[in-house]
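Bear in mind these aren't lab numbers, they're just calculated from the coordinates by the rules spelled out. Being a predicted model, the structure only gives us computed values, none of them experimental. Here the Cβ positions follow ideal geometry from the backbone for every residue, glycine too, while neighbour counts run over all protein chains shown.
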Amino acid sequence: MNPPSSPPGAPPPPTPPGRKGPPRALLVGAGVAVLAGVFAAAFFLGRGSAPSPASSGGPGAGAPVSSGDASSGTGLLQALPPAPDKPRKMDVPSEAVRPAFWVDVYTPGEVREALTGNAWLQEQLRKPLGQGFVGGWAAMLGTRSEDLGLGFKGAVFDLLAGQLLSAPFRVVWFSGDTRTGTPAILVPEPGNTVMAAFDGMAGAVRRDVLTADACPGGQGEVPGKGFTLTRWLVAEQSLWAARTDDRMVFGRTSAVVLQGLCEPHLDLEPPEEVDLELGFSPETLGREAQLLTHVMGVSQGIRFQFAAEGNRLVGRGITGPVADDPRLDSAPLSEELLKLIPEETPVLLALQLKLPELLDAASLKAFWSGGSADMTVRTRQVALVWTPRGDASLPSEVALVWGRPEDAVALDTLFSGPNRMERETICGHHVLASTPAVLERLRKACAGQVPNLLHAAPAVVAGLREKGSVSFGLRTGTLLGGLMVDGYTSQLSSAEGAKPPARTVPAEIEAARKDLETLPYIGLRGTVDGNRLVPGGFGS
């Protein structure tokens with residue numbers, strides 16, 4: 001699966017972020033990193049010495065669904081609906097979709113062991129935070145394989161993670177309204193042993209069968225006998241699965257599984273010292289994403305890399321090819337910028353961006369169109385400071401921090417859309433903020449009234465001071481804790497007739513937030529070297 005090969009045309013001058021949310025282009029990096037954390041927690045839940053999800057006692061937990069004696073090996077099967085007599089014909093989608101985000105897991109065993117050996121994660125699985133996250137999947141993952149007549153000792157989780165997903169695999173989120181957020185898991189070269197485990201599981205828990213003789217939109221190769229998709233049902237949780245002679249695919253819906261079967265062949269060769277990698281396709285994410293990556297000159301396959309070290313995942317950096325005429329320079333983040341940004345900032349994206357000396361529309365259009373051979377350029381240090389919110393009704397909290405105040409007039413012209421932005425020059429930077437509150441936070445950080453990035457952990461400060469072209473910082477604890485509280489309060493406010501809730505939350509939500517805030521800072525960096533970004537990582 002290759003990223004799109006043709007760069008977009010010269011983009012128009014940027015438009016300001018709206019009140020309903022910042023431009024998606026500016027959030028691509030953040031979204032990818034968040035997906036990494038969500039995926040890791042969702043898939044590699046506790047194993048070995050950790051309590052099984054079914055015994056955690058959380059929501060949806062408990063003994064596997066059974067109407068008889070589970071120890072007899074027949075109770076679970078008797079409780080399941082009968083398998084169909086014959087397969088049904090699948091209604092194949094008329095339009096193909098394309099990968100938007102993906103996570104490549106090159107060494108599943110090492111990544112899983114790192115997470116299952118992590119004391120913090122194992123502790124959270126025993127608390128409401130972890131139990132609520134597992135939710136209804138607890139009973140399925142904790143069901144004993146012996147009770148399903150599989151001839152394998154251990155929980156369903158051990159079969160899925162330890163056997164079916166023991167080979168390198170990809171988790172991919174497709175574009176399209178009906179598929180976004182519902183990923184497919186692709187195992188391109190599972191091997192005969194894994195295939196046998198797949199067939200055994202399918203024979204025991206298959207409760208629906210679909211056949212398809214075409215790919216969505218007619219795009220993709222179809223074997224002579226067509227595709228067969230099966231729905232697995234365990235403890236009232238269903239999972240669609242399918243395999244061909246050289247591939248296995250899993251997903252929550254039959255549509256994403258069929259799309260996964262029709263994807264081009266994958267070659268998951270791991271980069272050196274990298275165990276997990278994230279990528280995205282700008283073209284599938286809309287015009288804004290194309291704009292950002294085109295301006296940066298990295299539209300052809302930028303990736304975020306991680307490695308398993310001991311009992312944790314650590315950032316390796318940002319990599320990918322860059323344009324023949326690089327639009328990114330290399331420099332450390334300035335002390336003024338570190339002083340300006342609050343330490344509690346959840347998401348930071350900083351660029352050393354080459355732009356024309358004059359930032360008028362004509363110069364930018366010529367520059368982005370490749371007509372910059374005789375044009376005088378200057379490097380600008382640009383940073384996006386973002387606080388994601390878990391409630392769509394809340395205003396966006398984003399600021400664009402520009403390292404050359406002399407460009408203030410030009411920036412005010414470029415960002416002169418209908419959405420009001422707060423503007424001020426602070427700590428030697430011109431700031432455009434989405435709300436007065438966002439601007440005030442930066443003002444206080446500059447004045448030393450609240451901690452700024454110079455007060456972060458020494459390893460984080462040292463990493464931010466390293467020479468780089470693009471730097472991405474994620475304060476995971478603040479990010480996830482804030483999103484969780486926002487999500488909880490938004491559910492209350494969405495109830496019919498409910499009044500807007502106060503920001504106070506129940507004790508268990510506050511306790512979960514504090515637990516999340518102990519998570520480390522993740523820093524990723526890419527530095528231009530010739531026609532590629534050399535990765536580098538840092539964190540607390």
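For Ala399, what charge total do you get from the other residues with a beta carbon under 12 Å from its beta carbon, if Lys and Arg give +1 and Asp and Glu give -1?
Details: positive: Arg423, Arg441, Arg443; negative: Glu397, Glu422, Glu424, Glu440.
Here the count lands on -1.
Would you calculate the convex hull of the Cα atoms in the stretch 155-284 and tell me its volume per residue in Å³?
Spelled out: Cα convex hull of the stretch 155-284, divided by residues, is 129 Å³.
Which of Lys339/Lys514; Lys86/Lys153; Lys354/Lys467 have a Cα-Cα distance over 24 Å?
Flagged as over cut-off: Lys339/Lys514; Lys86/Lys153.
What number comes out for the charge environment of Pro188, summing +1 per Lys or Arg and -1 per Asp or Glu over other residues with Cβ under 13 Å away?
With Lys, Arg at +1 and Asp, Glu at -1, the net is -4.
Place the peptides 212-222, 332-342 in order of packing, highest mean first, counting for every residue the other Cβ atoms within 10 Å and averaging per peptide.
Going by the mean number of other Cβ atoms within 10 Å, highest first, we get 332-342, 212-222.
Compute the orientation-averaged projected area for the stretch 321-539 from the convex hull of its Cα atoms and round it to one decimal in nm².
On the way: hull surface 56.4 nm².
Seen from a random direction, the Cα hull of the stretch 321-539 projects 14.1 nm² on average.
Run the reach check for Lys89 against lysines, Cα to Cα strictly under 17 Å, same-chain hits fewer than 8 apart removed. What comes back?
Lys225
Only four residue types carry charge here, +1 at the Cβ of Lys and Arg and -1 at the Cβ of Asp and Glu. Report the dipole size of the stretch 321-539 about the Cα centre in Debye, rounded to the nearest 20.
120
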